[in-house]
1. Can you list residue pairs whose Cβ atoms sit under 6 Å apart, with the first residue in segment 339-359 being on the phi > 0 side of the Ramachandran plot and the second being outside any strand (DSSP E or B)? Count only pairs 6 or more apart in sequence or on different chains.
2. Taking the condition surrounded by 15 or more Cβ atoms within 10 Å (Cβ to Cβ), assigned by TED's automatic domain parsing to the domain that holds residue 29, more than 30 Å from residue 57 (Cα to Cα) and under 59 Å from the mean Cα position of the chain (by Cα), does residue 164 pass?
3. Among the residues of segment 318-330, is there at least one that is modelled with pLDDT of 90 or more and out of contact with any strand residue (DSSP E or B) (no Cβ under 6 Å at 6 or more places or on another chain)?
4. Considering only residues that are under 53 Å from the mean Cα position of the chain (by Cα) and surrounded by fewer than 11 Cβ atoms within 10 Å (Cβ to Cβ), which ones fall in segment 339-373?
5. Would you be able to say whether some residue in segment 549-557 is assigned by TED's automatic domain parsing to the domain that holds residue 516, in a strand (DSSP E or B) and crowded, with 18+ Cβ neighbours inside 10 Å?
6. State all residues of segment 68-112 that are assigned to a helix (DSSP H, G or I) and either outside the structural domain of residue 56 (by TED's automatic domain parsing) or surrounded by 19 or more Cβ atoms within 10 Å (Cβ to Cβ) (or both); if no residue qualifies, say none.
7. For residues that are under 56 Å from the mean Cα position of the chain (by Cα) and not in a strand (DSSP E or B), scanning just segment 127-146, find the one that is farthest from residue 82 (Cα to Cα).
8. Would it be correct to say that residue 124 is part of a helix (DSSP H, G or I) and touching a residue at least 12 places away in the same chain (Cβ under 8 Å)?
């Protein structure tokens, strides 16, 4: 081997310790230099800025009073002279004097970049107080400061660069003479060291007069000691290798003579060795299997499965017992495989050891036994399923029978309710029709029998009673017809945009005579001047007339009936609904709470009013049908003191039906 020669410069050109040392020296020195230079330049920059600030302070203290006086005296020449005098101060580049926002004097050249700007308010003091005369703006130039800073930085950096270069050259030369050349000698010695040259010691050529037991000397002694130990270790290794070969031959003989197949793989599932039984199965030899994988002997599907099992064993670091498919001589077998990971002295996984044997007959017997067991379980399951199906049919028939009984009971109850309702309806309607018909017949009979015996005033009274009773009968018939149309869905709604307050006023005007007869006060309570909704004006007026007439009937003489109207809204996760809530409140006898729902049924009156003011019992039923036809809701509550309040709602936008509860 050609021996290389090393020198100072050739060493530095390589990636050596010398080069790294000089790099770190330059890097450290550069950082320190930059920090020191930055600090020094910054201090000098602050000093120059303080000089400018001092100049601006002098302008404020020395020049400002005389400028104020001259400005007060309006002496432009003196002001111009003073400003030009200020311009002679260092770094002052531009002056501007403004009065009431207008520039009156400007001196110098104005620049916006790299300047310090100060504005001084010119205030003149007099007996009555202080007077604002204007503003003096001063611009100081910073370009000179920046040039001084740059020049100083360049000088400092150039000086430090020269110092660093000389220092680096000196350090690299000293390092090479004291350490570098000896390290190169050691490197060359260790690179050329061989087993047949272990008798040649390492010798460093140094001045023997000045050599002490320093680091290099200790390293030289350590290398020579290592050389001697290595020679001793070589002899020991040869002895151990001989013993290992003898032991390996013994184990090899044992492995080759057992019936099971054995193999040994590295951590990448590559075969290292095997016994003869396994080698014969895969049609190879123990020596030729080294470096091969399962892909060389088995189909890809099997090879991938074997590799996944190998990696799982080495990853989990535990022994696994597996049942695997195995191909040999064109026939397929089932084998029982035991794979265990192998570790080195430091606990690192270096491969795995596998052993397997044929269990095909055993698995065949197990499968036949399992098949017989499955057939027996299937028969039991089929018999159980049949019994469950029969049981399920019986349960369904029982359930159907119960449902039929319940339907019959419900049908009977519905029929009984319908029969009672029909009887009650016929009773009510016959009573309501028979009473006015009797009045009409009686008064007409009186008129026919006594038309020649009674005076004309009496006959007129008979006819007025007949007309009054006929009107009552006509109202009842109209209510019946209206309710019939509403319930059957044949009622037509003429929906328009109407002012509900106007509909209320018309209803009050129509039935106001009832309130005047009982001296009842009708009060309208609302904060709005107009309340528009989409509705049928006639039908909503019918609701107002029915509720107001009922309230007037059941109110004591001299009391109040209050109608309140207000806008409301209901917000849900899906939409926001706006509606108009209307209430009619009286101060009468109230309604029992258990009748709050039934009072809106046909021919139904409150138990407190059945013998009172009277009525057909159709008005509230009509009100309910009309309000619900407008997608609203109607309900009643008792007042806290006395009387009752009827509420109903009308959607403002004629939207969906409102929630069940609107408070």
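The values are calculated or read from the model by the stated rules, or taken from the named source; none is laboratory data. Fair warning: this is a prediction, and the values are worked out from it, not measured in the lab. Because the Cβ atoms are built from the backbone with ideal geometry, glycine has one as well, and the counts that use them run over all protein chains shown.
1. 351/267
2. Values: surrounded by 15 or more Cβ atoms within 10 Å (Cβ to Cβ): yes; assigned by TED's automatic domain parsing to the domain that holds residue 29: yes; more than 30 Å from residue 57 (Cα to Cα): yes; under 59 Å from the mean Cα position of the chain (by Cα): yes.
Answer is yes for this residue.
3. Within segment 318-330, one or more residues are modelled with pLDDT of 90 or more and out of contact with any strand residue (DSSP E or B) (no Cβ under 6 Å at 6 or more places or on another chain).
4. 344, 345, 346, 347, 348
5. Looking only at segment 549-557, we keep the residues that are assigned by TED's automatic domain parsing to the domain that holds residue 516, and these are 549-557.
Checking the rest, the ones that are also in a strand (DSSP E or B) come to none.
The answer is no; no qualifying residue exists.
6. From segment 68-112, those assigned to a helix (DSSP H, G or I) are 68-73, 76-87; that's our starting set.
Answer for segment 68-112, where residues must be assigned to a helix (DSSP H, G or I) and either outside the structural domain of residue 56 (by TED's automatic domain parsing) or surrounded by 19 or more Cβ atoms within 10 Å (Cβ to Cβ) (or both): 68, 71, 79, 82, 83, 86.
7. Top of the filtered list is 146.
8. Values: part of a helix (DSSP H, G or I): no; touching a residue at least 12 places away in the same chain (Cβ under 8 Å): yes.
No.
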